[in-house]
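Only one structure is covered here, and it is reproduced in the block below.
The values are calculated or read from the model by the stated rules, or taken from the named source; none is laboratory data. If you're wondering where the values come from, they're calculated on a predicted model, not measured in any experiment. Cβ: placed from backbone, ideal geometry, glycine included. Neighbour counts: every protein chain shown.
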Amino acid sequence: MTGDRSETIETMRERYLHEYRYIHKKADRIAFFEEIGDMAAEAGASAWKRFADGMSASLREDMEGALAFFEEALALDPQNAYAWYGKGSVLREQKRYDEALAAYEKAISLDPEFAAPWYGKGTVAQSQKRYDEALAAYEKAVSLDPEFAYPWYGKGNILRAEGRYDEALAAFEKAITLDPQFAAPWNGKGNVLCDQKRYDEALAAYEKTIAIDPERGAPWYGKGNILRAEGRYDEALPAYEKAIALDPESAAPHYGLGALLWLQGRPRESAEAFRRAIELGLESPWKEAAESWIERAERMIKSKEGGKPKEEREQADRSSDEALVTDLFEAMKDDLPGIRKKKMEFEKQIAESVGRSRIVGEAGADDMLLVLRDWNSFSPILRRELRGQGGPGPDERLGGGYFLVWKGHGVVIDPGVDFVTQLYRKGLSIADVDTVIVTHCHLDHTRDVESLVDMNYRYNQAKGFKPHPANDDFRQLQFRLCDSAFMKYSEYLKTSGCCRSPEQLVRGGNTNRITDFIDVEAVPAQHMDINGRDQEAIGLVFMLKDDTGPVMRVGITSDSKWIESLPKSFKGCDVVVAHLGTIEVGEEKAATAGKAGEAPDAGKDVNGGGFLKTDLKNHLGTKGCFRLLQHVKPKVFVIGEFGEELVETRFKIIQVFHRLKPQETRFVLGGDSNLAIGLGKELSVCCSHPECARSWTRIPLDQVRPVIGGDFLFQYICSQHGIA
Ligand SMILES: [Zn+2]
Ligand SMILES: [Zn+2]
Ligand SMILES: [Zn+2]
């Protein structure tokens with residue numbers, strides 16, 4: 001007897017898995033399960049009997065009854081994957097999605113080869129608009145059972161929702177090939193063709209759907225839409241009516257009918273149809289569009305009743321908000337999912353960007369000075385055509401600033417144009433910025449100050465803090481500003497709600513404490529600032545300490561002409577970053593003609609320059625940089641801020657400097673955006689190879705070999721990435 005029973009069960013299993021899927025008519029499906037039920041009863045396979053009863057009940061749309069049968073089946077045989085699947089499908093039908101997914105998972109765990117629950121999972125994810133997940137589930141079902149048409153149909157629907165029409169069509173075609181009597185993919189094909197405005201082909205696909213399954217409402221709805229779009233209103237009306245008659249609980253045909261009735265000048269009936277669509281659970285954004293249609297129709301009815309002339313009524317209608325909403329929706333309804341998706345992706349990116357977690361202080365991201373500017377001076381503030389693109393050099397020609405990291409604290413120095421871009425390209429974010437210092441008020445040193453403030457504000461919002469009034473919970477940036485920047489920003493920063501009151505950096509004043517381990521001193525510079533004064537700009541000397549005391553000094557001249565006090569200011573610095581500006585080619589006219597009594601040419605010879613003769617008025621130039629190097633003798637000397645005209649020749653300048661450096665100086669390096677100097681008692685340079693970018697691999701100074709990359713920036717490659 002047991003042998004018979006297990007044979008019967010095997011037969012039922014085979015028939016369910018391989019025969020049932022090709023039966024599409026509801027009555028035939030019910031008959032199939034009644035037959036299976038009889039077989040099971042005869043063989044005494046009670047769990048299978050309950051499973052078959054559950055399937056019949058669900059096909060008769062008795063969902064509660066079906067659920068009870070499946071529960072009974074599972075009480076008899078908890079290992080029955082098919083009963084779990086049946087239960088999942090009823091729960092899905094009832095929109096109890098979490099429970100449905102749990103039942104499908106159970107079915108999968110009991111029978112990993114069973115494709116249907118993967119299809120079920122796909123449909124749940126699809127209902128919840130989690131398209132990537134849905135697609136993955138359908139793919140899995142296809143891989144388990146390549147002959148199974150349903151997951152191909154599911155794939156087609158997702159691809160259509162994502163606007164991938166050609167792929168959607170191919171998926172529907174595949175489903176049709178696997179099972180020519182399966183009507184749904186024909187309808188899906190019609191929908192895609194309709195989206196593509198291939199109306200004749202779409203109509204043919206709908207006709208085919210109707211021929212296979214005359215009980216299905218959806219193709220009639222599709223036909224109605226096309227006939228309405230083509231202005232064949234009299235034909236569209238019976239199509240919608242047929243769709244509603246076959247599928248009275250479906251909201252969409254009522255919506256289509258409402259739109260049609262409006263076009264036929266029947267506002268009262270139109271509003272009625274839209275109301276019915278909403279009652280039946282029309283989803284957003286269709287629901288909002290329907291509400292607007294109703295308002296529009298009611299306005300029209302009112303003005304008609306008020307006896308307003310037709311022209312006046314029409315004008316009032318055209319100028320109403322509702323006309324805009326409904327007409328725009330009709331015109332854009334196919335675009336809305338795409339717009340919505342892009343918007344959500346963008347919002348996600350922004351949230352991810354401002355809400356990133358802190359890296360500074362973690363793993364290798366500590367104790368270093370990052371050059372976050374390509375090489376150039378003010379040119380990034382110019383319009384693109386003037387930045388010398390096309391020639392050698394990185395096309396983007398980004399500006400930026402510097403970023404000093406010491407004992408887990410991040411200090412931004414002069415965040416000019418593109419600083420934020422450069423910071424994020426290094427894998428850092430606003431969460432890594434603690435202090436911002438500004439040395440003078442040229443835009444190539446300040447433009448991203450406000451970007452940083454704004455991003456810190458959004459960072460706080462992303463962390464759930466209330467923005468205003470100035471909130472103590474807010475993560476605050478601290479600012480240290482030169483005179484002109486203090487004048488420009490202090491009120492703004494004080495009221496921003498996310499910045500501590502800025503402190504003024506006084507030239508030659510006392511050292512200013514940034515953290516227990518970082519002091520900064522503002523040293524005199526001379527550079528014509530935006531306010532017309534050339535005595536207010538500052539250079540910076542950082543005194544970096546650890547628990548035991550001073551470790552090293554880092555000096556940044558920022559922009560300054562050569563002045564006699566510079567060597568004293570930067571004395572004892574282990575690293576100096578100097579701004580060169582341009583090269584002294586002396587093309588400007590002599591500042592003064594020859595003094596009285598002298599030959600006119602004599603004055604020109606002294607003051608008018610010529611190659612490398614005069615000092616620059618606003619920057620160190622080569623001579624100023626060279627004197628500073630020779631006096632200070634830092635271990636590492638970095639030359640940055642070159643004029644646009646030096647994009648290629650700066651390499652030669654660096655080479656000559658390196659050759660002529662004093663013995664104490666280990667390296668003269670180009671200050672561009674691939675340079676990150678490892679700080680500490682031993683200096684190093686971080687590998688700029690992309691694979692090392694996030695780990696800040698240190699190259700000891702004696703192994704540093706700068707090479708010029710294709711983007712005309714220096715590259716520093718560790719032994720692992722270099723050619724042996
Ligand atoms: Zn500058
Ligand atoms: Zn400047
Ligand atoms: Zn490397």
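Meeting the requirement of 1 or more residues that are more than 30 Å from Gly670 (Cβ to Cβ) and among the basic types (Lys, Arg), the helices (runs of 4 or more DSSP H) wholly within the range 292-388 are 310-318, 336-354. In this structure, is Val685 over 19 Å from Leu404 (Cβ atoms), assigned to a strand (DSSP E or B), away from ligand 2 (no atom under 16 Å from the Cβ) and in contact (Cβ under 8 Å) with a residue 24 or more places away in the chain? Spelling it out, it is not the case that Val685 is over 19 Å from Leu404 (Cβ atoms), assigned to a strand (DSSP E or B), away from ligand 2 (no atom under 16 Å from the Cβ) and in contact (Cβ under 8 Å) with a residue 24 or more places away in the chain.
Applying a threshold of 9 Å to beta carbon distances and a minimum spacing of six or more residues, or different chains, the list of pairs starting in the range 56-83 at a residue that is crowded, with 16+ Cβ neighbours inside 10 Å and ending at one that is in a loop (DSSP other than H, G, I, E, B) and acidic (Asp, Glu) reads Ser56/Asp62; Ala81/Asp111; Tyr82/Asp111; Ala83/Asp77.
Does Leu398 fit the bill of being part of a helix (DSSP H, G or I) and either away from ligand 1 (no atom under 13 Å from the Cβ) or touching a helix residue (DSSP H, G or I) at 6+ places or on another chain (Cβ under 8 Å) (or both)? When the stated conditions are applied, Leu398 does not pass them. The residue of the range 430-452 that is nearest to ligand 2 (Cβ to nearest atom), among those that are outside any helix (DSSP H, G or I) and acidic (Asp, Glu), is Asp448. In the condition set (1) in contact with a strand residue (DSSP E or B) (Cβ under 7 Å, 6 or more places away or on another chain); (2) within 16 Å of ligand 3 (Cβ to nearest atom); (3) assigned to a loop (DSSP other than H, G, I, E, B); (4) not small (Gly, Ala, Ser), Asp672 is compliant with all but (2).
For the range 545-572, enumerate the residues that are within 43 Å of the chain's Cα centre (by Cα) and surrounded by 23 or more Cβ atoms within 10 Å (Cβ to Cβ). Of everything in the range 545-572, those that are within 43 Å of the chain's Cα centre (by Cα) and surrounded by 23 or more Cβ atoms within 10 Å (Cβ to Cβ) turn out to be Val554, Gly555, Ile556, Thr557, Ser558, Asp559, Ser560. Taken over the range 506-522, the criterion of being at pLDDT 95 or above and either within 16 Å of ligand 2 (Cβ to nearest atom) or not hydrophobic (A, V, I, L, M, F, W, C) (or both) is satisfied by Asn512, Arg513, Thr515, Asp516, Asp519, Glu521, Ala522.
Test Ala218 against the criterion of being of a type in the set (A, V, I, L, M) and at pLDDT below 95, and give yes or no.
The answer is no for Ala218.
Residue by residue, here is whether (1) more than 31 Å from the chain's Cα centre (by Cα); (2) exposed (fewer than 13 other Cβ atoms within 10 Å of the Cβ); (3) in the same structural domain as Ala271 (by TED's automatic domain parsing) holds:
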residue	(1), (2), (3)
Glu295	yes, no, yes
Lys304	yes, no, yes
Gly307	yes, yes, yes
Asp321	yes, yes, yes
Lys343	no, yes, no
Glu347	no, yes, no
Ser353	no, no, no
Val360	no, no, no
Ala363	no, yes, no
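Restricting the search to the range 428-444, which residues are among the aliphatic types (A, V, I, L, M) and under 17 Å from Cys499 (Cβ atoms)? Hits for the range 428-444 are Ile430, Ala431, Val433, Val436, Ile437, Val438.
Among residues that are among the charged types (D, E, K, R), surrounded by 17 or more Cβ atoms within 10 Å (Cβ to Cβ) and either within 16 Å of ligand 2 (Cβ to nearest atom) or closer than 21 Å to Gly401 by Cα (or both), Arg533 is not included.
Residues considered: Gly427, Gly416. Of these, the only one that is small (Gly, Ala, Ser) and either surrounded by 23 or more Cβ atoms within 10 Å (Cβ to Cβ) or part of a helix (DSSP H, G or I) (or both) is Gly416.
With respect to (1) within 16 Å of ligand 1 (Cβ to nearest atom); (2) in contact with a Lys or Arg (Cβ under 9 Å, 6 or more places away or on another chain), the lone exception for Glu503 is condition (1). Test Tyr459 against the stated conditions and say whether it is buried (at least 18 other Cβ atoms within 10 Å of the Cβ), within 16 Å of ligand 1 (Cβ to nearest atom), assigned by TED's automatic domain parsing to the domain that holds Phe378 and of a type in the set (Phe, Trp, Tyr). Here the answer is no, as Tyr459 does not meet what is asked. When the range 678-691 is filtered for residues that are within 16 Å of ligand 3 (Cβ to nearest atom) and modelled with pLDDT of 90 or more, the ones remaining, listed by number, are Gly678, Ser684, Val685, Cys686, Cys687, Ser688, His689. Of everything in the range 122-144 that is more than 16 Å from Lys341 (Cα to Cα) and among the polar types (S, T, N, Q), the residue that is surrounded by the most Cβ atoms within 10 Å (Cβ to Cβ) is Thr123. When residues in the range 688-708 are screened for being in a loop (DSSP other than H, G, I, E, B) and under 28 Å from Cys573 (Cβ atoms), 8 of them pass. Of the residues making up the range 351-390, those that are β-branched (Val, Ile, Thr) and touching a helix residue (DSSP H, G or I) at 6+ places or on another chain (Cβ under 8 Å) are Val354, Ile359, Val360, Ile381.
Every residue, every condition in (1) more than 23 Å from Val685 (Cα to Cα); (2) modelled with pLDDT of 95 or more; (3) touching a Leu at 6+ places or on another chain (Cβ under 9 Å), yes or no:
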{"residue": "Met552", "(1), (2), (3)": "no, yes, yes"}
{"residue": "Gly555", "(1), (2), (3)": "no, yes, yes"}
{"residue": "Leu566", "(1), (2), (3)": "yes, yes, yes"}
{"residue": "Glu588", "(1), (2), (3)": "yes, no, no"}
{"residue": "Gly603", "(1), (2), (3)": "yes, no, no"}
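A Cβ distance below 6 Å, combined with a sequence gap of six or more or placement on separate chains, defines the contacts here; from the range 631-650, residues that are under 15 Å from Asn376 (Cβ atoms) reach residues that are buried (at least 18 other Cβ atoms within 10 Å of the Cβ) and among the basic types (Lys, Arg) in the pairs Phe642/Arg650.
Just one residue in the set Ile717, Ile699 is within 20 Å of Val405 (Cα to Cα) and within 9 Å of ligand 3 (Cβ to nearest atom); that residue is Ile699.
Determine, yes or no, whether Val638 is β-branched (Val, Ile, Thr), assigned to a helix (DSSP H, G or I) and away from ligand 3 (no atom under 14 Å from the Cβ).
Answer is no for this residue.
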